[in-house]
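J.: Following this message is one structure expressed as structure tokens.
The values are calculated or read from the model by the stated rules, or taken from the named source; none is laboratory data. Owing to the predicted nature of the structure, the values given are computational and were not obtained by experimental measurement. A quick note on method: Cβ atoms are made from the backbone with ideal geometry, for glycine too, and the neighbour counts reach across all protein chains shown.
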Amino acid sequence: MKQILMFLLLAFPLAALAQDPKATDLRSILVGELRSTHNHAEWFVPIDVAVSGVTAEQAAWTDGKGNHSIGQLTYHLLFWNRRALAEFKGENPGKFGGNNDETFTNFTAAQWAATVQQLDQIMSEWEKAVQTADDQKLQKEASTIAHIATHNAYHIGQIVFVRKEQGIWDASKGVK
């Protein structure tokens, strides 16, 4: 009887953990981090909300003080997410001279819609790549993936700030 009672006491918590929809394994944490900067609003605004409804003209606007535009910030995110994803997949990320300014300044208003669409696609590809990576690759690249999500969150905050400066941010979207 004691053994049965002990078994039941141990079995119920383990069964509850197995059914927990918020798994805490490395893969689910990393995918969650990427999604929270892509299209799943949690603690902060994801990129899809941050750029939603922004026109090409608004994306190109700068404050005249040397700060980046929404378009430049979005282009920068596209550049680094695309490059890091190619490296993660073992593909050639393309030539880069090392001048980070180019990852902002190569943006033009004419490419705004394409930049937004491509960033959405790259973010989806990142999530899929992490979901399907083998455990060894995931362990090796975990820190890089976590830094990518942090980098994304940082620049998304800047995008929201620029929208506030322009008077085009809707506080009901998550940031007052």
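J.: Every residue in segment 160-176 that is buried (at least 16 other Cβ atoms within 10 Å of the Cβ) and at pLDDT below 90, please.
T.: Answer for segment 160-176, where residues must be buried (at least 16 other Cβ atoms within 10 Å of the Cβ) and at pLDDT below 90: G174, V175.
J.: Another question about this same structure. From L30, L73, grab the single residue that is closer than 22 Å to K164 by Cβ and in contact with a helix residue (DSSP H, G or I) (Cβ under 8 Å, 6 or more places away or on another chain).
T.: Within the list L30, L73, the selection yields L73.
J.: Give me the pairs: first residue in segment 130-155 and under 21 Å from W43 (Cα atoms) and modelled with pLDDT of 95 or more, second residue aromatic (F, W, Y) and outside any helix (DSSP H, G or I), beta-carbon distance under 9 Å, and six or more apart or on different chains, which are they?
T.: A153/W43; A153/F44
Yes/no matrix, rows are residues, columns are (1) hydroxyl-bearing (S, T, Y); (2) surrounded by fewer than 15 Cβ atoms within 10 Å (Cβ to Cβ); (3) within 19 Å of the chain's Cα centre (by Cα):
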position: I70; (1), (2), (3): no, no, yes
position: R82; (1), (2), (3): no, no, yes
position: K95; (1), (2), (3): no, yes, no
position: L119; (1), (2), (3): no, no, yes
position: T150; (1), (2), (3): yes, yes, yes
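J.: Also: For the condition closer than 26 Å to R35 by Cβ, among the hydroxyl-bearing types (S, T, Y) and out of contact with any Phe, Trp or Tyr (no Cβ under 6 Å at 6 or more places or on another chain), what is the one hit in T132, T62, T105?
T.: Numbers: T62 fails: closer than 26 Å to R35 by Cβ; T105 fails: closer than 26 Å to R35 by Cβ.
Just a single option satisfies the conditions, and that option is T132.
J.: Tally up the residues in segment 156-176 that are touching a residue at least 12 places away in the same chain (Cβ under 8 Å) and of a type in the set (K, R), please.
T.: The number of residues fulfilling the criteria is 2.
J.: Also, I was wondering about something else. Since F44 meets every condition but one in (1) over 13 Å from the mean Cα position of the chain (by Cα); (2) of a type in the set (A, V, I, L, M, F, W, C); (3) closer than 18 Å to I148 by Cα, which condition does it not meet?
T.: Answer for F44: the failing condition is (1).
J.: From the list I168, I122, I156, I145, which one is β-branched (V, I, T) and part of a loop (DSSP other than H, G, I, E, B)?
T.: Within the list I168, I122, I156, I145, the selection yields I168.
J.: Any residue at all in segment 108-116 that is among the hydroxyl-bearing types (S, T, Y), under 21 Å from S52 (Cα atoms) and buried (at least 18 other Cβ atoms within 10 Å of the Cβ)?
T.: Yes, there is a match, as at least one residue in segment 108-116 is among the hydroxyl-bearing types (S, T, Y), under 21 Å from S52 (Cα atoms) and buried (at least 18 other Cβ atoms within 10 Å of the Cβ).
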